[in-house]
Amino acid sequence: MDFTVKGCQVFSQAENRFVSADLPVRGNRADASFGVSVIRFNDCVLLPGLVDVHVHLREPGFSYKETIAAGSRAAARGGFTAVCPMPNLNPVPDSLESLDMQLDIIRRDAVVHATPYGAISKGEKGERLADLEAMAPYVCAFSDDGKGVQSASLMKEAMLRAKSLGKIVAAHCEDNSLLAGGYIHDGEYARAHGHAGISSASEWRAIERDLRLVEETGCAYHVCHVSARESVALIREAKKKGLDVSCETGPHYLVLDDGMLQEHGRFKMNPPIRSKADREALIEGMLDGTIDMIATDHAPHSTDEKSKGLRNSLMGVVGLETSFPVMYTHFVRTGMLSLEQLIRLMSINPARRFGLPVGLSEDAPTDFTVFDLKSEYAVDPDAFLSKGRATPFEGMRVFGECLMTVCGGRIVWQK
């Protein structure tokens, strides 16, 4: 059905500002989920649908952790209209046949746009390339997320192949030889509490290697979940050289540092929450444009898998339902970012880089979200639509509540 949204300040991408306007929506005529022609809000903002290029929806293979249905509903509730699921699945999408299994579930169950990644290597084992040519028309990029590609020669081959296909290589940058059995940041908290630490070098050394390969190949390259200050410096210099490089970081790396850790699995993720100096460098990189976008690395696990403390819990936290309010509360309300800048980091920049629809542009005017920015509440994992509950933001008071999300002209979340 068609409907009109009234009572919002609407973000104008062309003017990069908010305007008072009614928004007519040409809806999905097969959708009869809402029976009125006018939806009125009071003093809210209407934004282009948020875009997250780094999520784990766990299907096929691990539906006890998350499903595409539950994960995409969580995305809608968080204001996202487009997500990119990572390929560490069973089976790994390393061929058109295995990718089709994931695409079938997406077509059946996803309530928002979901464009998956194809794996870089067969089985994400880092030994030989996946069938990149066959998957290229259906994926947003190629990644072995969850595992760093250890072989420089294989990564160079992947970059050359991806370049020929017009696709991005999105790298989980981790040098296994530098991990030393660590599971949280190798910093003051780890030393004070007897934990094995993950060095920052395990991340930035891998980025350093890849950037040399980007210079050789001319490949479009994206660094996933940047966490270390050295990584920010390397990417900043690569951009100054004119390399085709982009990167993301997550809200937890921008808001938390290892001085805030607790002995609970909800503070354990890979890469880990690092030092205050790292957090400050990430913020600087976000403000000066080195960091292009915010991504959640939404990675649900079962309650049992996350209830074994920092030492024994699995790595990964959820983020789709907290990302915007956490960023808005800590960076827009404090004056560090404008709301327009946050929209670019969480919608326009990731959409453009990965070739995804931008919600309020002419080609996709019916992907948007409405937030009440004055609504204050405490993050409550028990209220999540995701099957995952582990978040380091549990109990944090935040501003910004999603009241409605529209994707493809269809209301996919409404409070």
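Specify which of the listed residues (THR322, THR296) is within 16 Å of ASP52 (Cα to Cα), touching a residue at least 24 places away in the same chain (Cβ under 8 Å) and either surrounded by fewer than 20 Cβ atoms within 10 Å (Cβ to Cβ) or in contact with a His (Cβ under 8 Å, 6 or more places away or on another chain) (or both).
Being within 16 Å of ASP52 (Cα to Cα), touching a residue at least 24 places away in the same chain (Cβ under 8 Å) and either surrounded by fewer than 20 Cβ atoms within 10 Å (Cβ to Cβ) or in contact with a His (Cβ under 8 Å, 6 or more places away or on another chain) (or both) holds for just one of THR322, THR296, which is THR296.
Looking at (1) under 25 Å from LEU254 (Cβ atoms); (2) of a type outside the set (A, V, I, L, M); (3) touching a helix residue (DSSP H, G or I) at 6+ places or on another chain (Cβ under 8 Å), which one does THR369 not meet, given that it meets all the others?
Here THR369 meets the rest and fails (3).
For the range 373-385, check the following and say yes or no: at least one residue is of a type in the set (Asp, Glu), in a strand (DSSP E or B), over 19 Å from ALA299 (Cβ atoms) and in contact with a Pro (Cβ under 8 Å, 6 or more places away or on another chain).
So far as the range 373-385 goes, no, none of its residues is of a type in the set (Asp, Glu), in a strand (DSSP E or B), over 19 Å from ALA299 (Cβ atoms) and in contact with a Pro (Cβ under 8 Å, 6 or more places away or on another chain).
Consider only pairs whose beta carbons are under 7 Å apart and that are at least six residues apart or on different chains; among these, list those whose first residue lies in the range 1-28 and is under 12 Å from CYS44 (Cα atoms) and modelled with pLDDT of 90 or more and whose second residue is aromatic (Phe, Trp, Tyr) and surrounded by 18 or more Cβ atoms within 10 Å (Cβ to Cβ).
PHE18/PHE11
Going through the range 240-254 one residue at a time, which ones are over 22 Å from ASP145 (Cβ atoms) and in contact (Cβ under 8 Å) with a residue 24 or more places away in the chain?
Passing the criteria: only LYS241.
List the strands (runs of 3 or more DSSP E) inside the range 32-118, counting only whole elements, that have at least 1 residues being in contact with an Asp or Glu (Cβ under 6 Å, 6 or more places away or on another chain), touching a residue at least 24 places away in the same chain (Cβ under 8 Å) and over 27 Å from LYS167 (Cβ atoms).
38-48
Given the structure, is SER231 farther than 19 Å from PHE142 by Cα, of a type in the set (Ser, Thr, Tyr) and surrounded by fewer than 18 Cβ atoms within 10 Å (Cβ to Cβ)?
no
In the range 386-415, how many residues are part of a strand (DSSP E or B) and aromatic (Phe, Trp, Tyr)?
Final tally of qualifying residues: 2.
Across the range 140-197, what is the total count of residues that are modelled with pLDDT of 95 or more, farther than 27 Å from ASN90 by Cα and not in a helix (DSSP H, G or I)?
Residues that pass the stated criteria total 7.
The values are calculated or read from the model by the stated rules, or taken from the named source; none is laboratory data. No experiment lies behind these values; they were computed from the predicted model shown. Every residue, glycine among them, receives a Cβ derived from its backbone with ideal geometry; neighbour counts consider all protein chains shown.
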